[in-house]
1. Please tell me the relative contact order of segment 165-304 in percent, rounded to the nearest whole number, where contacts are Cα pairs under 8 Å and at least six residues apart.
2. At His273 and Ala232, where each label point lies 7 Å from the Cα along Cα→Cβ, what is the point-to-point distance in nanometres?
3. Sticking with the crude label model, points 7 Å out along Cα→Cβ, report the distance from Leu264 to Glu186 in nm, one decimal please.
4. Write down Rg/Rh for segment 174-288, rounded to two decimals, with Rg from the C-alpha atoms and Rh from the Kirkwood relation over Cα pairs.
5. Across segment 189-202, in residue order, what do the Karplus-derived ³J(HN,Hα) couplings come to in whole Hz, using 6.51 cos²θ - 1.76 cosθ + 1.60 with θ = phi - 60° and x for Gly and Pro?
6. Counting alpha carbon pairs within less than 8 Å and at least 6 residues apart, what relative contact order, in whole percent, applies to segment 227-306?
7. Got a sec? What order do Ile160, Ile280 fall in by accessible area at 1.4 Å, biggest, i.e. largest, first?
8. Taking the simple approach of a point 7 Å from Cα along Cα-to-Cβ for both Ala283 and Phe116, what is their distance in nm?
Amino acid sequence: ARVIWHTRTHPIDLRALQACIMPKASHYVTVASCVVCFCLSPWDSSARPFSQVPKVKNAKFGSAPTAFVGQRFTANSGNSRGRASEAVPLPDQAAAALGFFGNLRMTASLLTGAAFGQLGALPASSNKGSKSQRAANLTHLLGISFTVVQCVIVIFLCTIGTTSILTGQIDTHASSANALLTGAMELEYTSCRALFLTSLVVFLFATAAKMLGATLALDEKADEGKRLIGLASTCMLLGGTFWQVAYANKMVAATYGNLAGLYLRAVVLWLKHLGPFSGIAAASSWVFILCGAALCVKTVLLSIKD
């Protein structure tokens, strides 16, 4: 009303109109308010609207919508604006690890019982039998003893690993079962694989040696068919032994190179975690292992020399 009345009584003057609408005092108050609001406004770029929306390059009109995942904003997701993206928790791989150790422990127990059944067959005396027969019997004894010791260690490791999982000593949350077994439980996993696979191979080889020794012990006047059956059984057992080695080498080639590499990795892990200087029990175990290996080599050399 004031503007209309001013235009009716006075000619239109822009300066007079400005003075009529906004006096000088109110003008200064408005400018000062704008300056204060500008100074108090946040300078963080994250406070600006849509600052977290990424730029889309080479976008075409009519193309399919793209989901953008940011720290504070997620497009094409219901009721997600302004919510912080939560990290996806790793799944629990305890069931897979328990299944592996449980199945392996049962199989190793069966193999231990079978090996104990053959352990009573002592090699022939050095004064009896041919040189080949004595070497075969000695190979059988050493192989079966090696199998029993390694299978018992596998049973022990499987039991300790299962207990560690059930009691919560090991964090079983991992991206996959392989990540858990090759990460927090690498010592138990690698040792069980290496010892059990080599035990199977050595067990078949020792059984083949026993069959060969029994075949060589037959009298020359005996039926030739028995000798042929004994030699055929020996060849079949040896064939199965080398087939196991070939298949194991293929399966572990990507990670360890071959079965020998897997076994060497287990030995390195044992030296790392339970070396000779980690305690009296560990030092004693390494001493007896080295003494046993040296005695086995000496026995083989003496049998060959005789």
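The values are calculated or read from the model by the stated rules, or taken from the named source; none is laboratory data. None of the values given here were measured: they were computed from a predicted structure. Note that each Cβ is placed from the backbone with ideal geometry, even for glycine, and that neighbours are counted across all protein chains shown. When the accessible area is computed, the model is the full protein with side chains, heavy atoms only, and any ligands, DNA or RNA have been set aside. Shrake-Rupley method; radii C 1.70, N 1.55, O 1.52, S 1.80 Å.
1. 20
2. 4.7
3. Result for the modelled spin labels: 1.7 nm.
4. So for segment 174-288, dividing Rg by the Kirkwood Rh gives 1.17.
5. Going residue by residue, I get 5, 5, 5, 5, 4, 5, 5, 6, 5, 5, 5, 4, 5, 5 Hz, with x marking Gly and Pro.
6. 10
7. So the residues, ranked largest to smallest area, are Ile280, Ile160.
8. With each label placed 7 Å out from Cα toward Cβ, I get 3.3 nm.
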